[in-house]
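Asks: The structure under discussion is supplied below as structure tokens; questions concerning it will follow.
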Amino acid sequence: MVRTYLKYIVMIIMLGSGLGSGYYLYEQSAEENEVNTRFVSTQELISYVKILKSIWLEGDYNNQLLNKKINCQKYTGILSDKKLKCNPKLLICFLENHDGLSELSYSIEGHLAANRFKELDKNNFLFTIKKNIYNLRLSFKNSCRETFLPKRIYTMEDSTERKYSWWDSLNRSIFIDKYLVTNFDVYTWLNSDQDFKATEELLPNYSEHSFDTALGLRADEMQRYCQFHGKQLLTATYLDSASMHPGDYKNNKPKYPIRSKWPWSRKSKVGPVYEKRKNSKLEIKKEMCQQVYSKECHEKYRELSKELSSPSWTGIFQVLGSEMEYLENHVQFKKNLKASSRIFLMASPWNELGKRAFWDGTYYGPRSFNFRLHDPKVEPEQLQVGFRCYREIF
Amino acid sequence: MKYVFPVIILINFILFSSCIRGISKIDYFYQKTFPLIISTYNVDKSELYLNTHSPLSRPPSTFINLVGLHSLDENFKKKTYCLFYKVPQKSNKSLGRLQLISTKKSCQNEINSKPIAFINGIQELMIHLNDEDTIVERKMFFKNTLYIEFKKDEESRTLVFPLYNYSSKKKETFKRFSTSFNDNILKGIKISMTTRDLELIPDPIKTIGEYSDTYLNHNLKICHNFDKRCKEISKYSCNKCKFGWFNVVGNNNCKNTTLKYCGRNRCGEKGMPACVRGHEAALKMGLENNNGCYEYSPAGYCNVGLRTSCDGNVLICL
């Protein structure tokens, strides 16, 4: 009798322990499967990020645009290689059209959202790529649009009778925008700066599909744009330092003052402006327009990118010609406008570094500008001004 | 009735065999911890244990904290993981144990917490994390990547964790044409894993300063400050300025460190701080001593018609 009961008890214990162990191991196995799926999805997503990184930092990934395998014109317009770098619109174009990426679903979180990675750096493009149930959130830093102002002693204009004075960036890390701010930049800013009052009034003037220089903002709006990005409006002193040829790059403590007239050389008797002044019949060629995008260039070679003209020794563009540029001038406040632009002829006296006119920053009529002796004599609507920003990193 | 026992044994066998682990403990550890660790943006390192190139052997039978890994969790909140290693005794090789623990505070107090994953029975452990790509004994160690090397059952294994958000260089050295991205693996691109259904609720950053703040209205916020002896009296927080920041010339003897304010740089205007000229340039212009805050000081420059003057702690333009 006791033996029979014992038999049943042993059977029940064995069956129970078997089921219990089985359930435990089943749970373990399910967890292992989940861990494995997550791991595989993570690795797969990372492999996509490596492609996206190449597109972001190099632009035309695997020459897809050059070989016409992808057409991104409806996203970016026609752009040169340099402006394809760090371009969110190009990234979206590749995500939608590139064979290796089009299977990937994605969502954009914002161009200027700041606090995803505990940084108040509003120069990021944020979006998410998705695979299975897993998401990889990505923040792409817009590192292509700024360049470093080398640490050295620079010559600057002076506010006294002295012809020049000195300043140095030896203990500072200053980054300057390479290009003037674009329509796309202003469009994304207006959509992001929630405290800014004039968004509705300004937004129709700027397209998210245009990477041309943004024109038409007032000085206080330009200031707001820069400060929203944690930057400052570029100063005349810093523009001069970043554009005037220093002569010897390696000597960062020059003994003698250098304020070159041109970005391409410290010598004054070289370059297209000098040549044109010397010989008024000289024909303006494309190469000259790449150095100074002047009025003649605007009429003759419209296909040229004025945004990528006139590079300087530090890697900033548009330092002569192209568009007029508003600057903060902390030394001579009545010289706040880089007048050299497509409204002046190649031989114009304005086509020299450090020569500046005045704009009151409030209105785009002729009375707001003071070109002194060298008035452009253009229609009022041609008086348009661009801008760029700088920031310091500690 | 006589078939009942064999049937039960068979059921148990089927249950066990169908649920047997598909992957090894090492692979499970790696797969579980990989998605958590790769979002690491900062590392608490101990030079005693990192890049030793010889197995860790002291102190035996004791848990040591190899590294603290500051990562981002699924909701972009800071999350710290601690990698612990129990150093094996020479006489008993099975004692070595590697484990990853999550903490809300510091790694020091977390040794007894439940690990996220662990591996037992390991020995000859070494970890590597380098600032630059490094070759040691014909092995390549990529920068900003955590390598965990060990032996288990006499087999050598290396677990590789690229730390995608981590930049080892605390202070970048910029040169001509340098860009401003951090020196992380993906060159300025940062990542964080999450599951699709999780709503993103980031912590708002406490920003400093308002657009309308000005020096004249005495409402500009200081974001970095030093005392007369150049000792830092308020830590650098200018990365939290809502509308940018700028340097001014302070009333101290600091050559390389300047007082910083959040907001618009209106230097050079009347009543505003003077623009910083820089120490070397100021010396060229006749700076009398390291403290540049005095009347007519060349440590700063002003707009036309104005001169510099010391306004208590700041060189201003009058």
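The values are calculated or read from the model by the stated rules, or taken from the named source; none is laboratory data. Note that the structure is a prediction, hence the values are computed from the model and not measured. All Cβ positions, even for glycine, are placed from backbone atoms using ideal geometry, and neighbour counts span all protein chains on display. Side chains are part of the model used for accessible areas, which takes the heavy atoms of the whole protein and leaves out ligands, DNA and RNA. Shrake-Rupley method; radii C 1.70, N 1.55, O 1.52, S 1.80 Å.
Asks: On average, how much area does the Cα convex hull of segment A:34-141 cover when viewed from any direction, in nm²?
Replies: Numbers: hull surface 28.6 nm².
So the Cα hull casts an average projection of 7.1 nm².
Asks: Which of the peptides B:220-228, B:57-65 is most tightly packed, and how do the rest follow, judged by the mean count of other Cβ atoms within 10 Å per residue?
Replies: B:220-228, B:57-65
Asks: Moving on to the next point. Provide the per residue accessible area, probe 1.4 Å, for segment B:222-317, rounded to a whole number of square angstrom.
Replies: Per residue, segment B:222-317 has 42 Å² of solvent-accessible surface.
Asks: Per-residue Cβ counts within 10 Å, from other chains only, averaged over B:293-303: what number is that? Working shown, then result.
Replies: Working: counts 0, 0, 0, 0, 0, 2, 0, 2, 10, 4, 7.
Average neighbour count from other chains, rounded to a whole number: 2.
Asks: Cβ neighbours within 10 Å, averaged per peptide: list A:317-329, A:170-182 in order, most packed at the top.
Replies: Numbers: A:317-329: 25.3, A:170-182: 20.5.
With the highest mean Cβ count within 10 Å placed first, the list reads A:317-329, A:170-182.
Asks: Short version: what are the Cα gyration tensor semi-axes of segment A:49-203, square root of 5 times each eigenvalue, largest first, in whole Å?
Replies: Semi-axis lengths for segment A:49-203 are 35, 20, 17 Å.
Asks: For helix B:4-18, report the angle its Cα long axis makes with the longest principal axis of the Cα atoms of chain B; keep it between 0 and 90° and round to the nearest 10°.
Replies: For helix B:4-18, the angle is close to 30 degrees.
Asks: I've got another one for you. Using a 1.4 Å probe on the protein heavy atoms, what percent of the accessible area of segment A:138-203 belongs to carbon and sulfur?
Replies: Accessible surface attributable to carbon and sulfur in segment A:138-203 totals 42 percent.
Asks: What does the charge add up to near B:N251, with Lys and Arg as +1, Asp and Glu as -1, over the other residues with Cβ less than 13 Å from its Cβ?
Replies: Here the charged neighbours net out to -1.
Asks: Tell me which of A:S310, A:Y256, A:I393 sits at the most positive position along the dipole axis of segment A:147-393, charges placed on C-beta atoms (Lys, Arg +1; Asp, Glu -1).
Replies: The residue sitting farthest along the positive end of the dipole is A:Y256.
Asks: Would you compute, from DSSP H runs of 4+ residues alone, the mean residue ellipticity of chain B at 222 nm, taking -39500 (n - 2.57) per run and dividing by the full residue count, rounded to the nearest 500?
Replies: -3500 deg cm²/dmol
Asks: May I ask what percent, to the nearest 5, of DSSP beta bridges between residues of chain A are antiparallel? List each step's numbers first, then the result.
Replies: Working: 34 of 38 bridges.
In chain A, DSSP labels about 90 percent of beta bridges as antiparallel.
Asks: Compute the angle between helix B:25-37 and the longest alpha-carbon principal axis of chain B, please, reported from 0 to 90 degrees and rounded to the nearest 10.
Replies: On a 0 to 90 degree scale, this one is about 20.
Asks: Mind checking the dipole of the protein assembly as shown: about its Cα centre, +1 per Lys or Arg Cβ, -1 per Asp or Glu Cβ, Debye to the nearest 20?
Replies: 1560
Asks: Return the calculated 222 nm mean residue ellipticity for chain A, to the nearest 500 deg cm²/dmol, obtained by summing -39500 (n - 2.57) across DSSP H runs with n ≥ 4 and dividing by the residue count.
Replies: On the way: 11 runs with 126 residues, N = 394.
Result for chain A, helices only: -10000 deg cm²/dmol.
Asks: While we're looking at this one, here's another question. Report for the protein assembly as shown the percent antiparallel among DSSP-assigned beta bridges with both residues inside it, nearest 5.
Replies: Among the beta bridges of the protein assembly as shown, antiparallel pairing accounts for roughly 95 percent.
Asks: Next up: Aspartates and glutamates within cross-link reach of B:K104: Cα-Cα under 19 Å, excluding same-chain residues under 8 positions apart?
Replies: Within the straight-line limit of under 19 Å, B:K104 reaches these aspartates and glutamates: B:D44, B:D73, B:E74, B:D203.
Asks: What total accessible area, in Å², is buried where chains A and B meet, using a 1.4 Å probe and rounding to the nearest 100?
Replies: The buried area between A and B, both sides summed, comes to about 8400 Å².
Asks: Looking only at GluC sites (Glu not before Pro) in DSSP loops with at most 13 other Cβ atoms within 10 Å, what is the longest site-free stretch of chain B?
Replies: It works out to B:200-287.
Asks: Which value, in Å², gives the accessible area per residue of segment A:147-393 when a 1.4 Å probe is used on the protein heavy atoms?
Replies: Here the per-residue accessible area is 42 Å².
Asks: Could you work out the mean count of beta carbons from other protein chains within 10 Å of each residue's beta carbon in A:240-247?
Replies: Partner Cβ neighbours, averaged per residue: 0.
Asks: Continuing with this model, one more query. May I ask you to list the lysines whose Cα is less than 16 Å away from that of B:K231, ignoring any residue fewer than eight positions away on the same chain?
Replies: B:K255, B:K260
Asks: Can you list the equivalent-ellipsoid semi-axes of segment B:24-162, largest first and in whole Å, using the square root of 5 times each Cα gyration tensor eigenvalue?
Replies: Computed over segment B:24-162, the values are 22, 19, 14 Å.
Asks: While we're here: So if I average 1/r over every pair of distinct C-alpha atoms in segment A:205-260 and take the inverse, what Kirkwood radius in Å does that give? All intermediate terms of the calculation are to be shown ahead of the outcome.
Replies: Details: mean 1/r = 0.0692 Å⁻¹.
Across segment A:205-260, the inverse of the average 1/r is 14.4 Å.
Asks: May I ask you to give the average projected area over all directions of the convex hull of the Cα atoms of segment A:123-169, in nm² rounded to one decimal? Walk me through the numbers before you get to the answer.
Replies: On the way: hull surface 20.6 nm².
Average projection, Cα convex hull of segment A:123-169: 5.1 nm².
Asks: Still on this model: Let me know the Rg and Dmax you get for segment B:238-318 when you use only its Cα atoms, in Å.
Replies: Looking at segment B:238-318, its Cα Rg and Dmax stand at 11.9, 36 Å.
Asks: In square nanometres, what is one fourth of the surface area of the convex hull spanned by the alpha carbons of segment B:106-196?
Replies: 9.9
Asks: Another question, if that's okay. Over 22 Å between Cα atoms: which of B:K90/B:K114; A:K163/A:K267; A:K151/B:K143; A:K253/B:K284; A:K285/A:K377; A:K53/A:K130 fall into that group?
Replies: Over 22 Å apart, Cα to Cα: B:K90/B:K114; A:K151/B:K143; A:K285/A:K377.
Asks: Hey, got the average number of other protein chain Cβ atoms within 10 angstrom for residues in B:274-282?
Replies: Per residue, the number of nearby Cβ atoms from other chains is 6 on average.
Asks: Which three numbers, in whole Å and largest first, are the semi-axes of the equivalent ellipsoid of the protein assembly as shown derived from its Cα gyration tensor as √(5λ)? Walk me through the numbers on the way to the answer.
Replies: On the way: eigenvalues 724, 185, 102 Å².
Ellipsoid half-lengths, sorted descending, are 60, 30, 23 Å.
Asks: Assigning unit charges at the beta carbon (Lys, Arg +1; Asp, Glu -1) and nothing else, what dipole magnitude in debye, to the nearest 20, does segment B:128-172 show about its Cα centre? It would help to have the intermediate numbers written out before the result.
Replies: Numbers: 9 positive and 9 negative charges, 38 e Å.
Once rounded to the nearest 20, the dipole reads 180 debye.
Asks: Tell me, rounded to the nearest percent, the portion of alpha carbon pairs in chain B spaced more than 23 Å apart.
Replies: 70
Asks: Below 16 Å, Cα to Cα, which lysines can A:K178 reach? Residues fewer than 8 away in the same chain don't count.
Replies: A:K82, A:K83, A:K85, A:K141, A:K231, A:K306, A:K338, B:K175
Asks: For a quick size check, give me the Cα extents of segment A:147-393 along its three principal axes, largest first, whole Å.
Replies: 50, 47, 33
Asks: Further, regarding this structure: Of all the accessible heavy-atom surface of segment A:213-276, with the other protein chains kept in place and a 1.4 Å probe, what percent is carbon and sulfur?
Replies: 48
Asks: For segment A:238-345, restrict the atom set to alpha-carbon positions and state the Rg and Dmax in Å.
Replies: Rg, Dmax (Cα atoms, Å): 14.5, 43.
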